[in-house]
Amino acid sequence: MIQQRTLKILRDLVGFDTTSRLSNLDLIEAIQLQLDTLDIPCELTFNPDQSKANLFATIGDDSVPGLVLSGHTDVVPVDGQNWSSDPFSLRKSAGKLFGRGTCDMKGFIAVCLAMAETFKQAKLSVPIHFAFSYDEEVGCLGVRDLISELDKRVVKPLACIVGEPTSMQIVSAHKGMLDTLCTVKGCAGHSSLPDKGVNAIVVASRLIEKIQSLAHEVKENGPFDARFTPPHSTLHVGKIKGGTAVNIIPEHCEFEYEIRNIPAQDPQEIAQKVEDFARQNLLPEMQMVSQPSNIQWQTQAQFPGLDTPETAQINDWMKAVLHNDSAPGAVSYGTEAGLFSNIGIPTIVCGPGSIDQAHRHDEFVEIRQIETCIEFMHSVIEHMQRGEWLNPDGAGESHRSA
Ligand SMILES: [Zn+2]
């Protein structure tokens, strides 16, 4: 019954092309309509041009600290990917559900929505919140407004589950990310007189060399965190653009690099080293030839790492609810979990499907994974009905209130 409903909802959700560059309002409206019929209140927060929205719904008593189930509604583009069928039309084959977002992460959202009525009928003393955001895939942008609204509340949720694909395993740590665009403005001239100009490509390449040497330094000297693969922060240059013709000294070059930091390392400190190098070693030379030359830095996206302590109650509670005693894992990809955690809501990542299937052509989620997620939601209800939930006074402690 719930499984059938989940499949139907997932089919609808996949049908909305919510690639991050597009509006998600049609999908949000459809979700809101469904929750309206169940008398479940929703709050929307919009982006500045009102083309996208987050949805925050509450099932139960708002004045009690509850549990947030969080997911993003946007998906990555299908451009240039070789799909075997229409990515925005759900296809069921050999125990798998194919379509963009099935695994990352409309499958989880579909389970939440299919369970909404059951959550409501269970009349839980602890409220369940749905937090469905936009623009996660472009740097966890949308959820920030939703989280800052949440942060203003007198009664904050006691825990959050971000349903990114972990094959329904508990993940309590992930790396953070800082994505920076560097723009070098040099000075153009005839290529036969290189000393009369400032070659922006050469300046950019020296910066990239510096980034590479810092990457090497971090790899050799740490800090290390053995839970991650690789067990240290990484630096990576992913895009570059510059120059117009081979006989012109290039005036413009820009490149984008990212730092994926282990939770214990501040990525700003690493970025500062790159910028200090530019200011001390490159700018004086450049400006000696041409005063207006410069190097600019612009943060494109960032999200904090997640490191929910082993002793946090949410870990033990999740193990009990999932009937799975393995130690919580760590992943190198990022989620919005670190943002929830930063406002004091203990957060873990756990959702259906494997990250191996995310962002690829022929993305799929196994039906078995959806079933496991549904079983998990039923187990949440059973545990809460038995009074097994986190102790509001014991944040960080590992016992449960019974
Ligand atoms: Zn995702």
### Query
Given Phe376, Phe364, Phe340, which one is open to solvent by 10 Å² or more (accessible area, probe 1.4 Å) and either of a type outside the set (Ser, Thr, Tyr) or in contact with a Gly (Cβ under 8 Å, 6 or more places away or on another chain) (or both)?
Phe364
## Note on the structure
Given (1) open to solvent by 10 Å² or more (accessible area, probe 1.4 Å); (2) farther than 19 Å from Thr45 by Cβ, Asp145 misses just (2)
### Query
How many residues are open to solvent by less than 10 Å² (accessible area, probe 1.4 Å), within 16 Å of the ligand (Cβ to nearest atom) and either over 29 Å from Gln268 (Cβ atoms) or of a type in the set (Gly, Ala, Ser) (or both) when one looks only at the range 169-182?
1
### Query
Of all residues in the range 227-244, which are out of contact with any helix residue (DSSP H, G or I) (no Cβ under 6 Å at 6 or more places or on another chain), surrounded by 18 or more Cβ atoms within 10 Å (Cβ to Cβ) and within 21 Å of Asp276 (Cβ to Cβ)?
none
### Query
If a residue has to be farther than 22 Å from Thr244 by Cα and touching a residue at least 24 places away in the same chain (Cβ under 8 Å) to count, how many in the range 187-211 make the cut?
2
### Query
Tell me, which residue of the range 288-308 that is part of a strand (DSSP E or B) and among the aliphatic types (A, V, I, L, M) is farthest from Val68 (Cα to Cα)?
Ile295
### Unmet requirement for Pro127, which otherwise passes all of (1) within 21 Å of Pro352 (Cα to Cα); (2) modelled with pLDDT of 95 or more; (3) of a type outside the set (A, V, I, L, M, F, W, C)
(1)
### Summary
Only unsatisfied item for Trp297, checking (1) at pLDDT 95 or above; (2) under 21 Å from Met177 (Cβ atoms); (3) away from the ligand (no atom under 16 Å from the Cβ); (4) crowded, with 17+ Cβ neighbours inside 10 Å, is (4)
#### Entry: Residues satisfying the stated conditions in the range 203-230, i.e. charged (D, E, K, R) and under 24 Å from Pro263 (Cβ atoms)
Glu217, Lys219, Glu220, Asp225, Arg227
### Message
Tally up the residues in the range 102-128 that are within 16 Å of the ligand (Cβ to nearest atom) and either open to solvent by 30 Å² or more (accessible area, probe 1.4 Å) or of a type outside the set (Phe, Trp, Tyr) (or both), please.
### Response
10
### Message
Condition first: open to solvent by 60 Å² or more (accessible area, probe 1.4 Å) and in contact with a Cys (Cβ under 6 Å, 6 or more places away or on another chain). Now tell me which residues in the range 183-226 satisfy that.
### Response
Ile201
### Query
Only one of these conditions is not met by Val138: (1) modelled with pLDDT of 95 or more; (2) within 14 Å of the ligand (Cβ to nearest atom). Which number is it?
(1)
### Query
What residue, of Glu285, Glu254, is farther than 30 Å from Gly329 by Cβ and in a strand (DSSP E or B)?
Glu254
### Task
Please state which of the following conditions Ser191 fails to meet, knowing it meets all the rest: (1) more than 16 Å from the ligand (Cβ to nearest atom); (2) more than 11 Å from Glu251 (Cα to Cα); (3) modelled with pLDDT of 95 or more.
(3)
### Given (1) within 16 Å of the ligand (Cβ to nearest atom); (2) under 18 Å from Leu33 (Cβ atoms), number of the condition Gly99 does not satisfy
(2)
### Task
Among the strands (runs of 3 or more DSSP E) lying completely within the range 309-402, list those that include at least 3 residues that are away from the ligand (no atom under 16 Å from the Cβ).
none
### Message
Condition first: more than 17 Å from Asn324 (Cα to Cα) and small (Gly, Ala, Ser). Now tell me which residues in the range 365-392 satisfy that.
### Response
Gly387
## Note on the structure
Taking the range 141-159 and the residues there that are more than 13 Å from the ligand (Cβ to nearest atom) and among the β-branched types (Val, Ile, Thr), the one that is modelled with the highest pLDDT would be Ile147
### Message
I'd like to check something: does the range 349-356 contain any residue that is open to solvent by less than 30 Å² (accessible area, probe 1.4 Å) and out of contact with any strand residue (DSSP E or B) (no Cβ under 9 Å at 6 or more places or on another chain)?
### Response
no
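The values are calculated or read from the model by the stated rules, or taken from the named source; none is laboratory data. Here the structure is a predicted model, which is why all the values come from computation and not from measurement. Because the Cβ atoms are built from the backbone with ideal geometry, glycine has one as well, and the counts that use them run over all protein chains shown. Only protein heavy atoms, including side chains, enter the accessible area calculation; ligands, DNA and RNA are left aside. Shrake-Rupley method; radii C 1.70, N 1.55, O 1.52, S 1.80 Å.
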